[in-house]
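Worksheet for the structure shown next.
The values are calculated or read from the model by the stated rules, or taken from the named source; none is laboratory data. Source: prediction; values computed, not measured. Cβ: placed from backbone, ideal geometry, glycine included. Neighbour counts: every protein chain shown. Accessible surface is based on the protein model in full, side chains and every heavy atom, while ligands, DNA and RNA are left aside. Shrake-Rupley method; radii C 1.70, N 1.55, O 1.52, S 1.80 Å.
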Protein chains: 2
Amino acid sequence: MKIAVLFGAQSFEHEISVVSAIALKKVLKSEIVYIFCDYERNFYLIPTDTINAKRFSSGAYKKDKSLVLKQGGFFAQKMFGEEKVAFDVLINLVHGRDGEDGKLSSLLEFFAIPYIGPRIEGSCISYNKLFTKLYAKEVGVDVLDYQVLHKESKDDIRIAYPFIVKPLRLGSSIGIGIVKDEKELSYALDVAFEFDDTVLIEPFMQGVKEYNLAGCKTDGFIFSIIEEPQKEEFLDFDKKYLDFSRTKRVTEAHLDVKIQEKIREAFVKLYDPLFLGALIRCDFFVIDETIYLNEINPIPGSMANYLFDDFDTIITSLAQYLPRTTTVMKAYHYIHSIQAAKGK
Amino acid sequence: MKIAVLFGAQSFEHEISVVSAIALKKVLKSEIVYIFCDYERNFYLIPTDTINAKRFSSGAYKKDKSLVLKQGGFFAQKMFGEEKVAFDVLINLVHGRDGEDGKLSSLLEFFAIPYIGPRIEGSCISYNKLFTKLYAKEVGVDVLDYQVLHKESKDDIRIAYPFIVKPLRLGSSIGIGIVKDEKELSYALDVAFEFDDTVLIEPFMQGVKEYNLAGCKTDGFIFSIIEEPQKEEFLDFDKKYLDFSRTKRVTEAHLDVKIQEKIREAFVKLYDPLFLGALIRCDFFVIDETIYLNEINPIPGSMANYLFDDFDTIITSLAQYLPRTTTVMKAYHYIHSIQAAKGK
């Protein structure tokens, strides 16, 4: 199977995506075709053999083949005509904006390119932390208490200190701050409001246990091991960044079988059917044996490959189970009947 | 001001969009540039002078200029090089799939084309009737009771007869059926499941009053008159279809001032900030002086022009108040520091 990896784009997590993409080379046995989207949102075909991070930071990629998106695929201009970039399935590996906010899902669906990644609705729901809360509650998964605050709002904060302030939409801990008391508040809000005009406030629980589970659905559910990520207070951007280049397996969390089962049950409720076609990672808190959703990563760093035994097999089988949309039949029934009525 | 109107696309409401687009010619004083997206999702530049419905139903549009979407706009191939289609702002007038599900919003944002229409999140929330309910409740607008039913679900229906069955995602009453008793159920479900693998069930209220209000936000809110649409049981597709070609003003509903105010308050809660940049129409039920949201039409038929006095001025001023996204600065900070650490 020939797998295209789409990465980069206009995102605060652009660099993470570059590192994530290069990391996949070590764990995918299938042939890889690299399609880079630069900060200006132009597409390039990057030679797999010579890919490295410097190619992008130096701007050298601009000498690579430029691509245009059209019905059915990515096309390179040739002396005479054009050539379609050949692959069986594409992995959307753009983290954050463009990749996880629904834009690239939309482009790929509009131009009929088969892809692994969240669909538009899954993107939209997981990218916006308020929508994630509403959705999780609706499907029966608990979430921590929260409050949404707009930039110009005069509302009092009703969550007790200490709490976490998060930009409503970004991922990878960008712009997130812990506020222990009132004097730390305005700085944390300033930082978060740099990234979004709305923030989400949640209680901060010292020492709460966090567990990550990745998975997808093919003919049945495939789950990763459950990992307990290392953390200091909470994972900041630098630490998460290093995480994205991981290709080694991590150690499984020591967890009661019942709790493990509850975590997998919550994952299934969240995944099916909203995330069909994607390999996602859900991060949970466990407090007094109750499972709370922290966040849904619909395009986890390096596709969370380090949580699986045989990552290549999972990707190639997921490619066989991509969701299909109902067909819209071409029809001009009403226009024809109006014309008939008018005698035209 | 030069206004592009984008219409058609791969949607069950493709024809409605064609009629909607042609109707705008009568109410916009600004110069119009017509961009048609056919069922196969190819773009064409349609001459404004000669546009008519038959051009599309007959396939004659295929002789018009073919367009490609690239950074900054739509481009036509010329003998030497290419030419960008010039306009100041684009109206997304694609109803239903592609237009209202976030796909075209995504394309327009990705390729940096200024447009009037719902953004990705607004599309996603209003296109999915469950998400609309969750969102309305969150912003403090009441909704009717509901139940979501998946195609393979064995759940009992807990809504009492009579109820309405709606495909979870379409608009324009397609696939909707009223179920008065058990023997009508399986047919209604069959019809709805043809359009979506999930349906929403809501109590059907005989004789309930429905009121429509359209509007947008520029330097303040601009509201249309409140209309009480004519209906027999509920508006079916044929009736709504006729509605889309309307360019004449309708009669204002006779409503208590307090109720009018409540309807406008609900509109503001729903609109701001999720629908900034769009002219939307919200349809409400009024039961015992309580306002319930029925649905949000983020791209109403003919842009609900018939509800406004001076439609052209509204569109041209809305074009000055399109929402902006925060800028992502190009940065290779982490990659540079990794390279420095490696001595490369």
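Of everything in the stretch A:93-139, what is farther than 29 Å from A:Gln320 by Cβ and more than 10 Å from every other protein chain (Cβ to nearest Cβ)? Give them in sequence order.
First, pick out the residues of the stretch A:93-139 that are farther than 29 Å from A:Gln320 by Cβ: A:97, A:128-131, A:133-134, A:137-138.
If the condition is that a residue be farther than 29 Å from A:Gln320 by Cβ and more than 10 Å from every other protein chain (Cβ to nearest Cβ), then A:Lys129 is the only one that fits.
For the stretch B:232-243, indicate whether the set of residues that are among the aromatic types (Phe, Trp, Tyr), at pLDDT 95 or above and open to solvent by 50 Å² or more (accessible area, probe 1.4 Å) is non-empty. Spell out the reasoning first.
Within the stretch B:232-243, the subset among the aromatic types (Phe, Trp, Tyr) is B:234, B:237, B:241.
With at pLDDT 95 or above added as a condition, the list becomes none.
Among the residues of the stretch B:232-243, not one is among the aromatic types (Phe, Trp, Tyr), at pLDDT 95 or above and open to solvent by 50 Å² or more (accessible area, probe 1.4 Å), which makes the answer no.
Could we say that B:Ile22 is outside any strand (DSSP E or B) and surrounded by 17 or more Cβ atoms within 10 Å (Cβ to Cβ) here? Let's see the steps before the verdict.
Working: outside any strand (DSSP E or B): yes; surrounded by 17 or more Cβ atoms within 10 Å (Cβ to Cβ): yes.
Taking the combined requirement at face value, the residue satisfies it.
Could you list all residues from the stretch A:306-326 that are away from chain B (no Cβ under 14 Å) and free of Cβ contacts under 8 Å to residues at least 24 places away in the same chain? Break it down into steps so the answer makes sense when it comes.
Step one: filter the stretch A:306-326 for residues away from chain B (no Cβ under 14 Å), giving A:306-322.
Passing the criteria: A:Asp310, A:Thr313.
Take the residues of the stretch B:247-271 that are under 18 Å from B:Ile299 (Cβ atoms) and out of contact with any Ser or Thr (no Cβ under 8 Å at 6 or more places or on another chain): which is surrounded by the most Cβ atoms within 10 Å (Cβ to Cβ)? Full working, then the answer.
Kept after step one, since they are under 18 Å from B:Ile299 (Cβ atoms), are these residues of the stretch B:247-271: B:247, B:267, B:270-271.
Pick out the ones that are also out of contact with any Ser or Thr (no Cβ under 8 Å at 6 or more places or on another chain) and you get B:267, B:270-271.
On the way: B:Phe267: 26, B:Leu270: 23, B:Tyr271: 21.
Applying the filter and picking the extreme gives B:Phe267.
Can you name the residue in the stretch B:1-10 that is away from chain A (no Cβ under 12 Å) and within 16 Å of B:Leu45 (Cβ to Cβ) and is also most open to solvent (accessible area, probe 1.4 Å) among such residues?
The extreme case among them is B:Lys2.
Only one residue in A:Asp98, A:Asp88 is among the acidic types (Asp, Glu), surrounded by fewer than 20 Cβ atoms within 10 Å (Cβ to Cβ) and touching a residue at least 40 places away in the same chain (Cβ under 8 Å), so which one is that? Quick ask: steps written out before the conclusion?
On the way: A:Asp98 fails: surrounded by fewer than 20 Cβ atoms within 10 Å (Cβ to Cβ).
Residue meeting the stated conditions: A:Asp88.
Are any residues in the stretch B:59-102 among the aliphatic types (A, V, I, L, M) and either farther than 27 Å from A:Asp38 by Cα or not assigned by the TED database to the domain that holds B:Val33 (or both), and if so, which ones? Quick ask: steps written out before the conclusion?
Keep residues of the stretch B:59-102 that are among the aliphatic types (A, V, I, L, M), which gives B:60, B:67-69, B:76, B:79, B:85-86, B:89-91, B:93-94.
Selection gives B:Ala60, B:Met79, B:Ile91, B:Leu93, B:Val94.
Taking the stretch A:11-20 as the search range and keeping residues that are among the polar types (S, T, N, Q) and more than 9 Å from chain B (Cβ to nearest Cβ), which one is nearest to the chain's Cα centre (by Cα)? Quick ask: steps written out before the conclusion?
Step one: of the stretch A:11-20, the residues among the polar types (S, T, N, Q) are A:11, A:17, A:20.
Keeping just the survivors that are more than 9 Å from chain B (Cβ to nearest Cβ) gives A:17, A:20.
Numbers: A:Ser17: 11, A:Ser20: 12 Å.
If we take residues in the stretch A:11-20 being among the polar types (S, T, N, Q) and more than 9 Å from chain B (Cβ to nearest Cβ), then A:Ser17 is nearest to the chain's Cα centre (by Cα).
Could you figure out which of (1) assigned to a loop (DSSP other than H, G, I, E, B); (2) under 20 Å from B:Gly220 (Cα atoms) isn't true of B:Ile314?
(1)
What's the number of the only condition in (1) modelled with pLDDT of 95 or more; (2) in contact with a Lys or Arg (Cβ under 7 Å, 6 or more places away or on another chain) that A:Cys124 fails to meet?
Looking at each condition in turn, A:Cys124 falls short on (2).
Please find, within the stretch A:42-73, the residue that is least open to solvent (accessible area, probe 1.4 Å) out of those that are more than 22 Å from B:His336 (Cβ to Cβ) and at the interface with chain B (Cβ under 8 Å from one of its Cβ atoms).
If we take residues in the stretch A:42-73 being more than 22 Å from B:His336 (Cβ to Cβ) and at the interface with chain B (Cβ under 8 Å from one of its Cβ atoms), then A:Leu69 is least open to solvent (accessible area, probe 1.4 Å).
Does the stretch B:287-305 contain at least one residue that is under 17 Å from the mean Cα position of the chain (by Cα), in a loop (DSSP other than H, G, I, E, B) and either within 12 Å of another protein chain (Cβ to nearest Cβ) or of a type in the set (A, V, I, L, M) (or both)?
We begin by selecting, within the stretch B:287-305, every residue under 17 Å from the mean Cα position of the chain (by Cα); these are B:293-305.
Now restrict to residues that are in a loop (DSSP other than H, G, I, E, B): B:298-300.
Adding the requirement that they be either within 12 Å of another protein chain (Cβ to nearest Cβ) or of a type in the set (A, V, I, L, M) (or both) leaves B:299.
The answer is yes, given that some residue of the stretch B:287-305 is under 17 Å from the mean Cα position of the chain (by Cα), in a loop (DSSP other than H, G, I, E, B) and either within 12 Å of another protein chain (Cβ to nearest Cβ) or of a type in the set (A, V, I, L, M) (or both).
Just to be sure I understand, how many residues within the stretch B:26-41 are open to solvent by 50 Å² or more (accessible area, probe 1.4 Å) and assigned to a helix (DSSP H, G or I)?
Applying the first criterion (open to solvent by 50 Å² or more (accessible area, probe 1.4 Å)) to the stretch B:26-41 yields B:26, B:29, B:31, B:40.
In the following step, the residues that additionally are assigned to a helix (DSSP H, G or I) were identified as B:26.
Result for the stretch B:26-41: 1.
Run A:Glu13 past the list (1) crowded, with 21+ Cβ neighbours inside 10 Å; (2) charged (D, E, K, R); (3) in contact with a helix residue (DSSP H, G or I) (Cβ under 8 Å, 6 or more places away or on another chain) and report the number of the one that doesn't hold.
Condition (3) is where A:Glu13 drops out.
Starting from the stretch A:191-206, take each residue that is more than 14 Å from every other protein chain (Cβ to nearest Cβ) and list its partners that are in a strand (DSSP E or B), counting only C-beta distances under 6 angstrom and pairs at least six apart or across chains.
Once the first residue is more than 14 Å from every other protein chain (Cβ to nearest Cβ) and sits in the stretch A:191-206, its partners that are in a strand (DSSP E or B) give A:Ile201/A:Gln147; A:Ile201/A:Phe163; A:Ile201/A:Val165; A:Glu202/A:Ile164; A:Pro203/A:Phe163; A:Phe204/A:Phe163; A:Phe204/A:Ile164; A:Phe204/A:Ile178.
In the stretch A:21-41, how many residues are closer than 20 Å to B:Lys330 by Cα and more than 14 Å from chain B (Cβ to nearest Cβ)?
We begin by selecting, within the stretch A:21-41, every residue closer than 20 Å to B:Lys330 by Cα; these are A:21-22, A:35-41.
Next cut, more than 14 Å from chain B (Cβ to nearest Cβ) only: A:35.
Matching residues across the stretch A:21-41 total 1.
For the stretch A:134-172, give me the residue count where each residue is among the charged types (D, E, K, R) and surrounded by 22 or more Cβ atoms within 10 Å (Cβ to Cβ).
Step one: list which residues in the stretch A:134-172 are among the charged types (D, E, K, R), which gives A:137-138, A:142, A:145, A:151-152, A:154-156, A:158, A:166, A:169.
In the following step, the residues that additionally are surrounded by 22 or more Cβ atoms within 10 Å (Cβ to Cβ) were identified as A:166, A:169.
So the answer is 2.
Among the candidates B:Ile159, B:Ile164, single out the residue that is touching a strand residue (DSSP E or B) at 6+ places or on another chain (Cβ under 7 Å), more than 13 Å from chain A (Cβ to nearest Cβ) and within 24 Å of A:Ala136 (Cβ to Cβ).
Values: B:Ile164 fails: within 24 Å of A:Ala136 (Cβ to Cβ).
Answer to the selection: B:Ile159.
Within the stretch A:327-340, identify whether any single residue is open to solvent by less than 30 Å² (accessible area, probe 1.4 Å) and touching a residue at least 40 places away in the same chain (Cβ under 8 Å), and answer yes or no.
Taking the stretch A:327-340 first, the residues open to solvent by less than 30 Å² (accessible area, probe 1.4 Å) are A:328, A:332, A:335, A:339.
With touching a residue at least 40 places away in the same chain (Cβ under 8 Å) added as a condition, the list becomes none.
No, there is no match, as no residue in the stretch A:327-340 is open to solvent by less than 30 Å² (accessible area, probe 1.4 Å) and touching a residue at least 40 places away in the same chain (Cβ under 8 Å).
Quick check, is B:Phe80 more than 14 Å from every other protein chain (Cβ to nearest Cβ), open to solvent by 20 Å² or more (accessible area, probe 1.4 Å) and outside any helix (DSSP H, G or I)?
The answer is yes for B:Phe80.
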